[in-house]
Amino acid sequence: MDAARDFQRQGYLVLPGFASKADCEALKARALAWVDGFQPETVSIFSTHEQSRTSDDYFLGSGDKVRFFFEEDAFQPDGSLRQAKALSINKIGHALHDVDPLFDRFSRAPRLAELSGTLGLKRPVLLQSMYIFKQPHIGGEVNCHQDATFLYTEPSTCLGFWFALEDATLENGCLWALPGGHALGLKKRFVRAPGGGTTFHTLDATPLPEDGFVPLEAAQGTLVVLHGLLPHKSGANTSPKSRHAYSVHLVDAEAQYPADNWLQRDPAFPARGF
């Protein structure tokens, strides 16, 4: 397989068996240990619908920290959790790859460094990571989006590595992608608003297509590589099976990273490469 050619043609790669079962299980155990130690003084809900996306200070300050975001449907009307804390978290973001030694080693594996170079990054830096739980019964839908909307550079260099830590199926909310959709260009940017909070800047008002998406079912250990401009989404998980995944997003340090991007890091803790 010519990975670079296939990636440029369809905007994604599906690489089964990239991570070992042992590595997947170790990351799952470490993520659950983080959740176990989390005492939610601040409750931040990750909205899977962009128009109502939470942009509180807790979220905006997460670019160089480990923070926890709840599922929208995790709470009772009185504000109490419907189920155990470990079954209520939507994701952990956004710097596990820098803060936690195990995630650091996994995210900076030599094979990933080689792959990022093969796919065109000259000076890759690991900007963001997310541990995504896709909880049983309440795992939220993720609307169609482009990763470069949230991690914008000039020129566009965003690259996503998405690892299936558990089997991702049609039943439990696998990814769906639009083959070749990265050629459509970036539609909007998610930026910090001058008066506080966040907003979207429209770059191209033409809507993304609604048809033509294909499911990317992925067995445990599969790496899905996503072009930053590729439209993709995932369905809700109404099944009894979770769909744990870990993703890392990279950009090229040679590109310009605007100061109004939502994700900013403390200058004393800059993004690092491999």
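The values are calculated or read from the model by the stated rules, or taken from the named source; none is laboratory data. Predicted model only: the values in this text are computed from it and were never measured. Note: ideal-geometry Cβ built from the backbone for every residue, glycine included; neighbour counts use all protein chains shown.
See the values below:
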quantity	calculated
Test for VAL251: is it closer than 17 Å to LEU119 by Cα, touching a Cys at 6+ places or on another chain (Cβ under 6 Å), in contact (Cβ under 8 Å) with a residue 24 or more places away in the chain and of a type in the set (Val, Ile, Thr)	yes
Evaluation of LEU226 against (1) modelled with pLDDT of 95 or more; (2) part of a loop (DSSP other than H, G, I, E, B) (one fails), failing number	(2)
Candidate set: the range 71-86, residues that are at pLDDT 90 or above and hydrophobic (A, V, I, L, M, F, W, C); chosen: the one farthest from LEU96 (Cα to Cα)	ALA84
For SER156: the one exception among (1) under 16 Å from PRO16 (Cα atoms); (2) of a type in the set (Ser, Thr, Tyr); (3) in contact with a helix residue (DSSP H, G or I) (Cβ under 7 Å, 6 or more places away or on another chain)	(1)
Any hit, the range 201-222, residues being farther than 26 Å from LEU165 by Cβ and assigned to a strand (DSSP E or B)	yes
Pair list, Cβ under 6 Å, 6 or more apart: the range 53-82 residue touching a residue at least 12 places away in the same chain (Cβ under 8 Å) and β-branched (Val, Ile, Thr), other residue part of a strand (DSSP E or B) and surrounded by 15 or more Cβ atoms within 10 Å (Cβ to Cβ)	THR54/ILE45
Selection within the range 170-185 - surrounded by 17 or more Cβ atoms within 10 Å (Cβ to Cβ) and aliphatic (A, V, I, L, M)	LEU175, ALA177, LEU178, LEU184
Condition broken by THR198, with the remaining ones in (1) surrounded by fewer than 22 Cβ atoms within 10 Å (Cβ to Cβ); (2) at pLDDT 95 or above satisfied	(2)
Filter pass, ALA177 being touching a residue at least 40 places away in the same chain (Cβ under 8 Å), among the hydrophobic types (A, V, I, L, M, F, W, C) and out of contact with any Asp or Glu (no Cβ under 9 Å at 6 or more places or on another chain)	yes
